[in-house]
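Below: one structure, written as structure tokens.
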Amino acid sequence: MTTPRLVARWLVDEEPESVALVEESLAFRSVTDASRRLILTTDGAGLADDRAVPFRLRHGFPQTLDGDLADAPFLLAVRVFAAEEDRDEFRRWLDEEHCARQVGIPGVRWYLGYEEDGPEHSFLNLWGLDDPTIADGAAWVQARDTEWWARLAHVPASADRDVYRRDEAI
């Protein structure tokens, strides 16, 4: 499951057939907005597609992860853009505190943290969930809202956060 490279494509009002899918592609549809899709390719194929964003694996939790990206009924995908001066501290918070606390919530199966390759920079955080409401629940907020987070809450200059379910259509 812990693939070292991942290519992500966010599509709105487009069918997955509009991108160069390969056998290893997984398609997810937004729970809140059916026109939004997330396509993940674990083999790095399709980088010529201008919607393709390459990421490299930074951290996984638990570290003994096995299975695949489709083993949870729902996927929380959070893409965060952070200013260069905040990235190291934000990365440390994600890897040392945030992921373990969130995975400790019942119904959160795993966490995979990626960073974008190339001139742009973003963090892509993927969470395997049993239920789409977990990511907005009180337990999620309580686990996140620590003293460390209070110092970093300003960091996400912008973020794209959505819960997806596996799209069996492709």
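The values are calculated or read from the model by the stated rules, or taken from the named source; none is laboratory data. If you're wondering where the values come from, they're calculated on a predicted model, not measured in any experiment. Every residue, glycine as well, gets a Cβ built from its backbone with ideal geometry; the counts of neighbours run over all protein chains shown. Keep in mind that these areas ignore ligands, DNA and RNA; they rest on the heavy atoms of the full protein, side chains included. Shrake-Rupley method; radii C 1.70, N 1.55, O 1.52, S 1.80 Å.
Using the basic label-point model (7 angstrom from Cα toward the beta carbon), what is the Asp145 to Thr32 distance in nanometres?
1.8 nm
Using each residue's phi in region 54-60, evaluate 6.51 cos²θ - 1.76 cosθ + 1.60 at θ = phi - 60° and report the 3J(HN,Hα) Karplus result to the nearest Hz, with x for Gly and Pro.
x, 10, 10, 5, 9, 7, x
With a 10 Å radius around each residue's Cβ, average the other Cβ atoms per peptide and rank 73-82, 147-156, highest first.
The peptides rank, most packed first, as 73-82, 147-156.
Please calculate how many Å² of accessible area region 87-170 carries per residue, with a 1.4 Å probe and no DNA, RNA or ligand atoms counted.
I get 48 Å² per residue for region 87-170.
Under 1.5 on a/c is rounded, so check that first for region 73-150, then, if it is not, pick prolate when a/b is larger than b/c and oblate when it is not; a ≥ b ≥ c are the square roots of the alpha carbon gyration tensor eigenvalues.
Taking the square roots of the gyration eigenvalues as a ≥ b ≥ c, region 73-150 is oblate.
Around Trp148, with a cut-off of 14 angstrom between Cβ atoms, what is the net charge of the other residues, counting Lys and Arg +1 and Asp and Glu -1?
-3
With a 10 Å radius around each residue's Cβ, average the other Cβ atoms per peptide and rank 133-144, 30-41, 95-106, highest first.
Sorting 133-144, 30-41, 95-106 by mean packing, highest first, produces 30-41, 95-106, 133-144.
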